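Input: a single structure, listed below in structure tokens.
No lab work stands behind these numbers, since they all come straight from the coordinates. Please read these numbers as outputs of a predicted model, since none were measured by experiment. Note that we place each Cβ from the backbone using ideal geometry, even for glycine, and neighbour counts take in every protein chain shown.
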Amino acid sequence: MTIPARQDPLTPLPGFNFHVEIALGLYNRVRDTTGDDGSSVPRTVITGAFSEVTGLEASMEPKAIRAGGENYRVYQRPGPVSFSTVMLKRGIVTSRHLWAWWSLFSGSGGLNGAWGSEGRADVSIFLIRPTIASAPSAQDAPAGGSPAGSESSREAVVGWRLSYAMPVKFRVGDLNASSDEIAIEELHLAHEGLHAQVPS
């Protein structure tokens, strides 16, 4: 079969296989790069197995301009861009990283809110495409095991980045003794830019 001209032959990626990474301290260059002894201090990176990400959205409000004498035409010009609040959902685990980040901004940890750049983060969301590595010849197979490289791997193929993000809401889902669903926590993020990101 010949694909018609101007048709996209690529297979759409599934939306259920993704990875989230939160890089804290990205904008605090002094604290991020140098420790008390002069050594390099890496920024804190939180990776999460989130069950749902919503709000990856940017919209632009067009400006309508009318010209004199043109009654049947309205010129459209670019206007300001706004970004939706992004919501991360995951099952509650023993790690309290998300709550600690929220506490940094809300002041619930005893601080009076740390709204400075040290608490801001870049949040990266990647779509994952599982790939099967090609199996080597039998002579490369380890003794008593399967050929090396025959297992599946996870390859990030499409990504988005939220720049200068901060948590604006933390929520724990309803706890219901008659339900068999897992306990869910949510973190809502406000940010200053949605960007396409090429996986490295």
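Computed from backbone phi, the HN-Hα couplings of the stretch 94-104 come to 6, 5, 10, 4, 5, 5, 5, 5, 4, 4, 4 Hz, rounded to whole numbers (Karplus: 6.51 cos²θ - 1.76 cosθ + 1.60, θ = phi - 60°; Gly and Pro given as x). Highest mean first, the peptides 50-58, 63-71, 16-24 sorted by other C-beta atoms within 10 Å per residue fall in the order 16-24, 50-58, 63-71. A Förster distance of 45 Å, applied to the separation of the beta-carbon atoms of Thr85 and Arg129, puts the FRET efficiency at 0.95. The label-point distance for Ser179 and Arg77, in a model that sets each label 7 Å from Cα toward Cβ, rounds to 5.0 nm. Applying 1/(1 + (r/R0)^6) with R0 = 30 Å to the Cβ-Cβ distance of Arg154 and Thr94 gives a FRET efficiency near 0.80.
The calculated FRET efficiency for the pair Tyr164 and Arg6, based on their C-beta separation and a Förster distance of 45 Å, comes to about 0.70. Take 122-131, 164-173, 87-96 and order them by the average number of nearby Cβ atoms within 10 Å per residue, most first; the result is 122-131, 164-173, 87-96.
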